[in-house]
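Comments concern the structure below.
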Amino acid sequence: MFDPAPGPRLFGLAPGIDFPRALVAGLRARLAGHPPEAMARVELFVSSDRMRRRVETLFAEGPPGFLPRIRLVTQIGPPALAATLPDPAPGLRRRLELTALVSRLIDADPAIAPRAALFDLADSLAQLMDEMQVEDVPPDRIAGLDVTDLSGHWARALRFLTIVQRYFDADAAPDAAALQRRMLELRLADWQAAPPDHPVIVAGSTGSRGTTLRLMQAVAHLPQGALVLPGFDTDLPRHVWDQLTDTLPQENRAQPGEDHPQFRFARLLSVLGSSPRDVLPWTEDAAPAPARNRLVSLALRPAPVTDQWLRDGPALPPLEAAMAEVTLLEAPTRRDEARTIALRLRQAAEDGTPAALVTPDRMLTRQVAAALGRWGIVPDDSAGTPLQLTPPGRLMRQLAALFAEPLTAEALLAILKHPLTHAGAGRGPHQLDTQRLELFIRRRGMPYPDEPGLAAWRAEEGRRGRDPAIWSDWLRATFTARATSGRRPLADWVADHVALGEAAVAGSAGGDATPLWDESAGRTLRGVISELTAEAGHGTDLSARDYADLFAALLSRAEAVRDRDAPHPLVRIWGTIEARVMGADLLILGGLNDGTWPEMPAADPWLNRRMRAEAGLTLPERRIGLSAHDFQQAIAAREVWLTRAERSDDAETVPSRWLNRIVNLLSGLPARQGPEALAAMRARGTRWRQMAAALETPIESPRAPRPSPAPPAEARPTRLSVTRIKTLIRDPYAIYAREVLRLRPLDPLQAAPDALMRGNAMHDALEAYVTATLDDPAALSVPQFMAHVDAALAAIPFPTIRHLWRARMARIAEGFVADEIRRRAVASPHRDRLEIEGRADLAVPPFTLTAKADRIDLDARGVAWIYDYKTGTPPSKDEQAHFDKQLLLEAAMAERGGFAGLAALKVAHAAYIGVGPKPGELAAPLDEVPPAQVWEEFGRLMARYADAEQGYTARRALQSDAARTDYDHLSRLGEWEVTDRPVKERLR
């Protein structure tokens with residue numbers, strides 16, 4: 001296949017060339033005229049499964065023939081050689097073993113790390129072990145590092161690192177990385193003893209890993225060995241290549257060129273004793289945009305030599321033509337970026353152009369996929385959906401949390417409403433029961449559902465003629481009282497978790513639990529759980545919280561699930577790895593902001609940068625350099641979009657360093673049309689962004705008027721409480737919605753510590769205090785007052801709020817007790833006149849007014865003193881005279897004999913007792929608005945609203961325009977203003 005050569009055979013393909021397609025074309029061209037079986041003798045090492053599948057697909061497209069023997073660079077040996085080695089220890093087993101070891105360390109010294117980091121620490125240790133195996137770094141080398149200035153941190157880190165020492169022993173079961181290194185050593189020994197005479201090719205790898213670099217070095221020296229390098233920059237001058245490696249490594253362990261896209265090739269050439277001119281073209285294929293490649297090559301030169309822009313920039317070809325197929329989109333927000341990308345992908349689909357969004361930003365890809373959904377386009381997303389976000393993954397995570405913490409109403413309803421819960425049989429009745437249980441919880445309050453609470457719900461349903469006994473028993477047995485204390489073996493946790501999941505899916509009818517394991521997501525989840533079950537014996541005893549964290553971590557690291565919907569054949573979403581091996585006519589490079597692309601290296605909890613360099617491990621810049629190489633290849637496509645958002649989460653973003661370099665270089669080359677090219681790129685992006693914005697520009701439609709519905713007289717309410725009269729005066733529309741439409745605000749699942757909760761608690765405390773002191777006036781004391789406050793607050797499930805409210809009551813306690821003694825000297829309360837209910841009827845129009853007075857005291861003359869406790873700010877006298885007529889109406893009802901057990905009474909005094917921000921009494925203006933006048937005005941008000949022509953106007957006279965009511969959304973507030981005239985709508 002290859003002619004004899006004095007040195008290593010090195011081939012390259014320029015950025016922008018479809019590497020797998022060119023690789024196959026080159027193989028066929030070199031074997032043209034050879035027997036068909038010659039292709040089967042070729043041993044081809046590729047960098048990834050994706051590359052292998054693409055190469056196989058291209059061979060299958062024809063013409064018919066044999067396939068080469070395609071292997072991965074991580075699977076070096078042939079089957080016969082692999083059979084001589086033991087099976088690798090599963091990755092999960094190694095991580096569970098490390099979890100057990102780390103757990104013992106934390107138990108011995110809890111200060112070294114929180115238990116919440118248990119699995120993350122074990123996982124990072126496993127990753128460090130893999131890297132040590134790949135780079136052939138023994139533990140002794142790390143232990144011998146000079147750490148004189150890092151003794152504190154190193155002492156803690158070394159305690160963790162010493163627990164992995166035994167995994168490097170000769171008799172230790174090898175993991176996948178160790179087995180790869182052993183297989184490489186055996187293969188290299190075989191090649192050295194008997195060099196193969198068949199072609200051996202490593203294609204598509206940059207040699208960024210130690211074992212891969214050794215393989216490439218060995219293959220390059222075989223009689224028929226060759227390396228085919230992807231995205232090899234033929235425009236980079238020799239002196240820049242030398243700059244990348246001449247000082248490698250420097251005395252300070254810095255490697256200035258590590259983040260350069262061609263650094264790995266420079267290191268490979270240095271190791272092989274070759275030069276860039278020794279890299280020959282693999283095929284005669286030309287790059288889609290050679291002039292653009294020259295610009296990008298110059299822009300990405302290492303920072304120490306960017307002064308060469310001034311020297312080499314004027315030699316570039318005309319840049320306006322070179323960048324004619326490049327669009328620069330600088331969107332204000334990430335949402336604008338996503339919708340503009342989606343619009344361009346839609347246009348590509350209509351034009352029949354293969355297009356792909358390439359980005360490491362998964363949030364951006366989700367937003368683009370959502371935007372494409374408006375046109376029914378499902379992109380072919382190579383990353384799929386993370387397993388923990390799939391329906392079975394979410395359900396199992398929710399169920400795992402039940403072991404770790406008490407069952408809350410939110411958690412229970414989230415599980416019951418999950419689409420897989422009760423999917424085995426009887427899903428319809430289950431949904432009905434779930435809805436009725438939710439309404440009961442919201443109405444009665446059940447923050448932590450338990451057996452007594454569920455029994456109360458079942459009893460209420462029984463009174464309504466239903467008896468959900470079977471469903472209630474299933475609910476109680478399956479979900480309540482699952483919180484578990486102490487530690488248990490991992491195998492027990494897994495078994496109980498799976499049983500709980502299947503019971504939840506099977507439902508109360510004992511149906512089939514297979515929906516949990518159906519489809520791609522279910523099968524993937526079953527694989528994870530099966531592996532966890534098989535390896536559980538290698539784990540350690542865990543608490544419920546530890547197990548929930550472990551399970552969530554396993555799902556987050558599991559294989560993603562591809563969308564089951566048929567994706568569009570021309571619209572794809574790729575990560576940077578997929579973009580290396582796939583081909584498309586339009587590439588959209590999205591999320592080009594620093595921190596996203598390139599992604600900032602994660603912090604290493606074990607070794608700092610200098611220690612990694614001294615040990616021979618990879619540096620953080622390695623990942624940046626690989627991303628830079630991906631960028632250089634992607635931007636060389638035929639048509640390219642470069643996109644970024646100027647703001648993300650209300651913060652300014654920083655452009656990607658590569659984009660910034662290209663923009664700066666273009667701006668500084670006016671003689672080569674650089675500024676014009678940049679302006680044209682931005683203009684194309686602006687045009688598309690404006691079109692995308694036009695899609696969401698609302699169509700002008702008539703605004704809803706300020707409503708004033710006028711229902712027929714027979715539909716209008718004939719009964720209201722005194723507290724609702726204020727609402728009728730200020731916001732009649734709320735009365736219409738509640739009493740005519742019978743719409744009620746949905747109560748929260750968990751009652752919030754709001755004014756209503758505080759008011760109810762304080763009313764209970766004051767009623768209990770007054771009742772307890774009726775027979776013993778000596779108990780009118782501050783300690784007794786606070787004792788009843790404490791008893792009422794004990795039912796509040798918010799400790800901080802309890803202390804806050806108690807402090808408020810303590811501030812007014814002395815004044816309240818003194819005022820209460822004064823009130824008792826004037827009139828006496830009675831337990832029958834506390835929280836006393838009343839009603840009064842109007843004859844014309846027929847109407848019933850109801851009330852519940854907090855307290856009616858009688859003096860020696862039999863005259864009434866009416867009090868109402870107010871935890872908020874009591875209404876002023878003017879407000880009471882015109883709007884808030886509660887006390888005035890109660891006085892009118894008392895004088896008409898409207899309270900149970902009481903004859904008609906003369907009212908001497910009515911007042912609010914403030915127990916909030918304004919303590920003390922605030923009297924009602926009985927002198928200015930006597931009860932007889934109030935009752936007459938009330939009659940006129942109800943007569944007006946009994947008229948079918950009278951509308952219930954929205955927000956007629958609210959105290960503040962900023963106030964919000966429960967029915968503002970129904971009245972479509974926002975489309976109208978309170979200054980608009982109401983529009984009456986007669987309803988029939």
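The values are calculated or read from the model by the stated rules, or taken from the named source; none is laboratory data. Remember, it's a predicted structure, so these values are computed and weren't measured experimentally. As a convention, Cβ positions derive from the backbone with ideal geometry for all residues, glycine included, and neighbour counts pool all protein chains shown.
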Which number in (1) within 26 Å of GLU835 (Cα to Cα); (2) without any contact (Cβ under 8 Å) to a residue 40 or more places away in the chain marks the one condition that ASP747 misses? (2)
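Being part of a helix (DSSP H, G or I) and either buried (at least 19 other Cβ atoms within 10 Å of the Cβ) or touching a residue at least 12 places away in the same chain (Cβ under 8 Å) (or both) is the filter here; which residues of the range 497-513 pass it? Don't jump to the end; show me each part of the working.
Of the range 497-513, the ones part of a helix (DSSP H, G or I) are 497-506.
HIS497, VAL498, LEU500, GLY501, GLU502, ALA503, ALA504, VAL505, ALA506, listed by residue number.
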Within the range 710-748, count every residue that is crowded, with 20+ Cβ neighbours inside 10 Å, among the hydroxyl-bearing types (Ser, Thr, Tyr) and assigned to a loop (DSSP other than H, G, I, E, B). 0
Identify the residue in the range 172-205 that is at pLDDT 90 or above and buried (at least 22 other Cβ atoms within 10 Å of the Cβ) and, among all such residues, is farthest from ALA628 (Cα to Cα). PRO199
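This table checks each residue for (1) without any contact (Cβ under 8 Å) to a residue 40 or more places away in the chain; (2) outside the structural domain of PRO845 (by TED's automatic domain parsing).
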site	(1), (2)
GLY674	no, yes
ARG684	no, yes
ARG687	yes, yes
GLN690	yes, yes
THR718	no, no
SER721	no, no
LYS726	no, no
ASP731	no, no
VAL740	no, no
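Does the range 892-910 hold any residues that are out of contact with any Leu (no Cβ under 6 Å at 6 or more places or on another chain), aliphatic (A, V, I, L, M) and surrounded by 15 or more Cβ atoms within 10 Å (Cβ to Cβ), and which are they? Working first, answer last.
Initial filter on the range 892-910 (out of contact with any Leu (no Cβ under 6 Å at 6 or more places or on another chain)): 892-893, 895-909.
From what is left, the residues that are aliphatic (A, V, I, L, M) are 892-893, 900, 902-905, 907-908.
If the condition is that a residue be out of contact with any Leu (no Cβ under 6 Å at 6 or more places or on another chain), aliphatic (A, V, I, L, M) and surrounded by 15 or more Cβ atoms within 10 Å (Cβ to Cβ), then ALA892, MET893, LEU902, LEU905, VAL907, ALA908 are the ones that fit.
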Kindly check whether there is at least one residue in the range 645-657 that is in a helix (DSSP H, G or I) and either in contact with a Phe, Trp or Tyr (Cβ under 6 Å, 6 or more places away or on another chain) or not assigned by TED's automatic domain parsing to the domain that holds ALA14 (or both). yes
Regarding the range 914-931, can at least one residue be identified that is touching a residue at least 24 places away in the same chain (Cβ under 8 Å), of a type in the set (Val, Ile, Thr) and farther than 30 Å from ARG808 by Cβ? yes
Report, ordered by the first and then the second residue, all pairs with beta carbons closer than 6 Å, sequence separation of six or more or different chains, a first member in the range 880-905 that is assigned by TED's automatic domain parsing to the domain that holds LEU926, and a second member that is assigned to a helix (DSSP H, G or I) and hydroxyl-bearing (Ser, Thr, Tyr). GLN886/THR723
Filter result (more than 19 Å from SER781 (Cα to Cα) and either modelled with pLDDT of 95 or more or assigned to a helix (DSSP H, G or I) (or both)) within the range 792-804: PRO799, THR800, ILE801, ARG802, HIS803, LEU804
Under the condition of being surrounded by fewer than 23 Cβ atoms within 10 Å (Cβ to Cβ) and either assigned to a helix (DSSP H, G or I) or of a type in the set (Ser, Thr, Tyr) (or both), which residue from the range 563-580 is nearest to the chain's Cα centre (by Cα)? THR576
The condition from (1) part of a loop (DSSP other than H, G, I, E, B); (2) assigned by TED's automatic domain parsing to the domain that holds GLY590 that ASN660 misses is numbered (1)
Can you tell me which residue in the range 514-536 is surrounded by the most Cβ atoms within 10 Å (Cβ to Cβ), limited to those that are among the charged types (D, E, K, R) and in contact (Cβ under 8 Å) with a residue 12 or more places away in the chain? GLU535
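Going through the range 835-880 one residue at a time, which ones are buried (at least 17 other Cβ atoms within 10 Å of the Cβ) and small (Gly, Ala, Ser)?
Within the range 835-880, GLY838, ALA840, ALA851, ALA853, ALA864 meet the criteria.
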Single residue of ALA637, ALA651, ALA677, ALA704 found to be among the hydrophobic types (A, V, I, L, M, F, W, C) and more than 29 Å from ASP259 (Cα to Cα): ALA704
When the range 738-763 is examined, which residues are found to be over 37 Å from the mean Cα position of the chain (by Cα), closer than 16 Å to ALA954 by Cα and of a type in the set (A, V, I, L, M, F, W, C)? VAL740, LEU741
Flagged in the range 381-400 as polar (S, T, N, Q) and in a loop (DSSP other than H, G, I, E, B), in numbering order, are SER382, THR390
Determine whether ARG687 is exposed (fewer than 15 other Cβ atoms within 10 Å of the Cβ) and among the basic types (Lys, Arg). yes
Of all residues in the range 932-942, which are in contact (Cβ under 8 Å) with a residue 40 or more places away in the chain and either of a type in the set (Ser, Thr, Tyr) or over 17 Å from ARG724 (Cβ atoms) (or both)? ALA932
Cβ pairs under 7 Å, 6+ apart, first in the range 92-106 and within 16 Å of LEU161 (Cβ to Cβ) and buried (at least 18 other Cβ atoms within 10 Å of the Cβ), second modelled with pLDDT under 85 and of a type in the set (Asp, Glu): ARG94/ASP175
Which numbered condition ASP966 misses (of (1) touching a helix residue (DSSP H, G or I) at 6+ places or on another chain (Cβ under 6 Å); (2) in a loop (DSSP other than H, G, I, E, B)): (1)
In this structure, is LEU44 in a strand (DSSP E or B) and out of contact with any Asp or Glu (no Cβ under 7 Å at 6 or more places or on another chain)? yes
Confirm whether ASP868 is at pLDDT 90 or above, in contact with an Asp or Glu (Cβ under 9 Å, 6 or more places away or on another chain) and of a type in the set (Asp, Glu). yes
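Among the residues of the range 66-88, is there at least one that is part of a helix (DSSP H, G or I) and within 34 Å of the chain's Cα centre (by Cα)? Steps first, answer last, please.
Filtering the range 66-88 for residues part of a helix (DSSP H, G or I) gives 79-82.
From what's left, within 34 Å of the chain's Cα centre (by Cα): none.
No, the conditions are met nowhere in the range 66-88.
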Filter the range 537-562 down to residues that are surrounded by fewer than 20 Cβ atoms within 10 Å (Cβ to Cβ) and in contact with a strand residue (DSSP E or B) (Cβ under 9 Å, 6 or more places away or on another chain) and give me whichever is modelled with the lowest pLDDT. ARG562
